[in-house]
1. Within segment 86-112, how many residues turn out to be away from the ligand (no atom under 13 Å from the Cβ) and surrounded by 22 or more Cβ atoms within 10 Å (Cβ to Cβ)?
2. If you check 367, 305, which single one turns out to be within 16 Å of the ligand (Cβ to nearest atom), more than 14 Å from residue 158 (Cα to Cα), outside any helix (DSSP H, G or I) and in contact (Cβ under 8 Å) with a residue 12 or more places away in the chain?
3. Quick one: would you say residue 196 is within 15 Å of the ligand (Cβ to nearest atom), charged (D, E, K, R), buried (at least 20 other Cβ atoms within 10 Å of the Cβ) and not assigned by TED's automatic domain parsing to the domain that holds residue 315?
4. Limited to segment 199-209, what total is found for residues that are hydrophobic (A, V, I, L, M, F, W, C) and surrounded by fewer than 24 Cβ atoms within 10 Å (Cβ to Cβ)?
5. For residue 176, all conditions in the list (1) in contact (Cβ under 8 Å) with a residue 40 or more places away in the chain; (2) part of a strand (DSSP E or B) hold save one; what is the number of the exception?
6. Does residue 256 satisfy being in contact (Cβ under 8 Å) with a residue 40 or more places away in the chain and in contact with a Ser or Thr (Cβ under 6 Å, 6 or more places away or on another chain)?
7. Among the residues of segment 319-344, how many are within 18 Å of the chain's Cα centre (by Cα) and assigned to a helix (DSSP H, G or I)?
8. Within 16 Å of the ligand (Cβ to nearest atom), at pLDDT 95 or above and farther than 25 Å from residue 251 by Cβ - does that describe any residue in segment 71-85?
Amino acid sequence: MYKTETADIRHQYPRSENREHSVPLYLTSSFVFDDAEQGRALFADEQPGNIYSRFSNPNTTEFIGKMCALEKMDDGFAFATGMAAVFAGFAGLLKAGDHVLASRALFGSTYQILVKILSKWGITTSFVDASRPEKWESHINKNTKMFFIETPSNPGLDIIDLSIAQKLKEKHNLILFIDNTFATPILQTPVDYGADLIAHSATKYIDGQGRVLGGVIVGNQDLIDEVRFFARQTGPAMSPFNAWLLSKSLETLSLRMERHCSNALALARELDGNAHLIYVRYPGLESHPQFILAQRQMKSAGGIITLLIKGGYDRAQRFIDALQIFSKTANLGDTRSVATHPASTTHSKLSIEEQEQVSIYPGLVRISVGLENKDDIIADIIQALEKSKKGKK
Ligand SMILES: Cc1ncc(COP(=O)(O)O)c(C=O)c1O
């Protein structure tokens with residue numbers, strides 16, 4: 001049995017008669033049958049094989065195989081976006097009357113799916129605070145079917161204790177469904193805590209270069225079979241081109257994560273105690289309220305930092321405008337460092353109260369630390385903090 005990096009890098013779809021080293025791009029919508037009997041057998045699931053790219057394709061199969069090797073899960077399905085993956089996990093497994101327990105600090109669209117979409121179909125959700133695990137169990141009722149967790153959360157960087165989640169899952173027979181986008185399987189493997197299903201936005205670190213959208217779910221075979229049934233019928237499949245690209249990206253994921261984490265730690269340490277900041281939040285800093293939990297649960301603290309800048313909304317916007325190297329965009333997990341102002345962009349659809357519940361304040365800036373030289377990243381932030389002190393916006 002190879003170590004995970006080796007299993008990820010060496011996993012490849014079987015070579016064709018052309019003996020290619022890298023997997024070709026299979027741009028085909030359907031696959032031909034040798035004869036009518038083979039068509040029947042494939043549709044009857046009596047024989048494995050590709051039928052139609054909405055169901056499977058060699059490129060998506062390879063990508064899923066690598067994700068399963070990294071997450072140590074049985075099987076998976078690849079989606080056009082991370083949100084399609086998260087939604088399929090809910091829609092494929094829940095029915096009217098079911099109840100979901102979810103961590104409160106969730107990516108905005110996931111929160112909207114739970115509150116505004118699933119509720120239309122009679123599926124209810126209770127949200128729990130990361131910092132109060134002793135209260136979680138009181139929200140479980142006889143209809144609770146799933147515990148959905150994002151850790152670390154976007155953008156508040158709350159860490160949810162997966163060992164407590166595992167105990168609740170086992171006691172109440174819940175499906176433990178984890179969004180592992182921020183940590184990636186390099187820093188955290190939720191299966192070690194009994195996770196049944198794991199979703200990723202592949203748009204983030206898995207691509208890592210800001211090129212394509214993608215999502216994936218991996219999990220236990222019986223659950224994946226249900227998710228696959230939902231996805232085969234409803235059609236949110238990943239394109240072969242994106243799968244081909246993402247599969248190649250996975251081969252450098254562990255190296256990239258090492259550098260994202262070391263650059264982020266250097267920046268967080270440098271900014272800790274900076275006079276322009278109310279706080280710098282990074283799970284790898286001792287000042288993070290769940291530092292010890294992050295040390296236990298994650299191999300390293302990740303590539304995202306949040307800064308709460310003194311002076312609120314206007315100053316946060318001046319700070320973003322003063323940055324010279326950083327990209328001003330809403331994505332994250334890129335080789336290039338990115339600064340985002342959640343209150344005016346990604347989370348602007350939430351009310352002020354909803355924003356505060358997930359640790360978003362007017363002066364908060366999310367930093368996705370890239371792979372540039374750490375000294376240049378630090379110098380850019382320091383000069384932008386200075387420059388943003390005064391000015392009109
Ligand atoms: C934690 C998390 N989950 C899911 C998503 C959604 O992914 P996508 O944009 O690929 O649909 C995001 C996007 O930012 C995210 O940060």
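The values are calculated or read from the model by the stated rules, or taken from the named source; none is laboratory data. Not measured: the values here are computed from a predicted model. For neighbour counting, all protein chains shown are included, and Cβ atoms are generated from backbone atoms with ideal geometry for every residue, glycine included.
1. Total satisfying the criteria: 2.
2. 367
3. Details: within 15 Å of the ligand (Cβ to nearest atom): no; charged (D, E, K, R): yes; buried (at least 20 other Cβ atoms within 10 Å of the Cβ): yes; not assigned by TED's automatic domain parsing to the domain that holds residue 315: yes.
So residue 196 fails the test.
4. 0
5. Going through the list (1) in contact (Cβ under 8 Å) with a residue 40 or more places away in the chain; (2) part of a strand (DSSP E or B), residue 176 breaks only (1).
6. Details: in contact (Cβ under 8 Å) with a residue 40 or more places away in the chain: yes; in contact with a Ser or Thr (Cβ under 6 Å, 6 or more places away or on another chain): no.
No: the conditions fail for residue 256.
7. Of the residues in that region, 1 qualify.
8. So far as segment 71-85 goes, yes, one or more of its residues are within 16 Å of the ligand (Cβ to nearest atom), at pLDDT 95 or above and farther than 25 Å from residue 251 by Cβ.
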